[in-house]
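Following: one structure in structure tokens, then a few remarks.
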Amino acid sequence: MVIRSLPVSGSVSFEELKKTNEHSAEYWSARELQPLLGYSQWRRFEDAIKRAMVSCGQSGNNPDYHFAGAGNMIGTGKGAFREVSDFHLSRFACYLIAQNGDPRKPEIAAAQKYFAIQARRQEMSDAMAILSVWKSASRRVRSLKRFLVLHVMLAYRIRCSEFFMMLDTKVCMAGWVMKG
């Protein structure tokens, strides 16, 4: 079974909570992410955020780049508004919160699984891209070798057998020059 997104809380999934700022950078509001990860109290969720921030710093990353402090205005019971603390989180910050959250919560376990699957998908995608580039470069190198061999032979007006005797090499059927 492949999980394509974090579990849905109500009708909202992890990817649906994503926002973009004026610089087109994606981020998630910690306040909106909190119920999705199974936290009913901000103070408990904030503890997980603080552990994630420590983890971020210990891994050599600047937490300020991934956990941007923000404030939200919320309505109170009598029509007034007050500001509450919030964070704008990068995808990496969301991952770290899932890794540092309460492992007894099924939502945290599902989030950890989601990020593990996404990391594996990215690894596979990167590997396929590298393989594609390598194959393309390999074909170009092979063509370049053939081109150079032919031009050296033409430039010096020598036969193929004489050329490879000079190099003490053999040519395989695919055109590779191999030490013999």
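Here are the numbers for the structure shown:
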| item | result |
| --- | --- |
| Residue in the stretch 13-22 that is in contact with a strand residue (DSSP E or B) (Cβ under 9 Å, 6 or more places away or on another chain), more than 18 Å from residue 73 (Cβ to Cβ) and buried (at least 20 other Cβ atoms within 10 Å of the Cβ) present | yes |
| Residue in the stretch 105-116 that is of a type outside the set (Lys, Arg) and within 12 Å of the chain's Cα centre (by Cα) present | yes |
| Count of the stretch 70-98 residues which are touching a Ser or Thr at 6+ places or on another chain (Cβ under 7 Å) and at pLDDT 85 or above | 3 |
| Filtered residues of the stretch 86-145 (kept if touching a strand residue (DSSP E or B) at 6+ places or on another chain (Cβ under 8 Å) and under 20 Å from residue 36 (Cα atoms)) | 86, 87, 88, 89, 90, 91, 93, 94, 97, 107 |
| Filter result for residue 77 (assigned by TED's automatic domain parsing to the domain that holds residue 101, over 21 Å from residue 109 (Cβ atoms) and not charged (D, E, K, R)) | yes |
| Residue list for the stretch 30-47, restricted to those being outside any helix (DSSP H, G or I) and in contact with a Ser or Thr (Cβ under 9 Å, 6 or more places away or on another chain) | 37, 38 |
| From 47, 86, residue being of a type in the set (Asp, Glu), surrounded by 14 or more Cβ atoms within 10 Å (Cβ to Cβ) and under 15 Å from residue 108 (Cβ atoms) | 47 |
| From the options 138, 132, residue that is assigned to a helix (DSSP H, G or I), farther than 30 Å from residue 70 by Cβ and modelled with pLDDT of 75 or more | 132 |
| Unique residue being surrounded by 11 or more Cβ atoms within 10 Å (Cβ to Cβ) and among the basic types (Lys, Arg) when the list is 135, 78, 145 | 145 |
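For (1) over 19 Å from residue 103 (Cβ atoms); (2) assigned to a helix (DSSP H, G or I); (3) under 23 Å from the mean Cα position of the chain (by Cα), each residue gets a yes or a no:
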site: 28; (1), (2), (3): yes, no, yes
site: 49; (1), (2), (3): no, yes, yes
site: 55; (1), (2), (3): no, yes, yes
site: 61; (1), (2), (3): yes, no, yes
site: 84; (1), (2), (3): yes, no, no
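The values are calculated or read from the model by the stated rules, or taken from the named source; none is laboratory data. Since the model is a prediction, treat every value here as computed from it, not as a measurement. Positions of Cβ are backbone-derived with ideal geometry, glycine not excepted, and every protein chain shown enters the neighbour counts.
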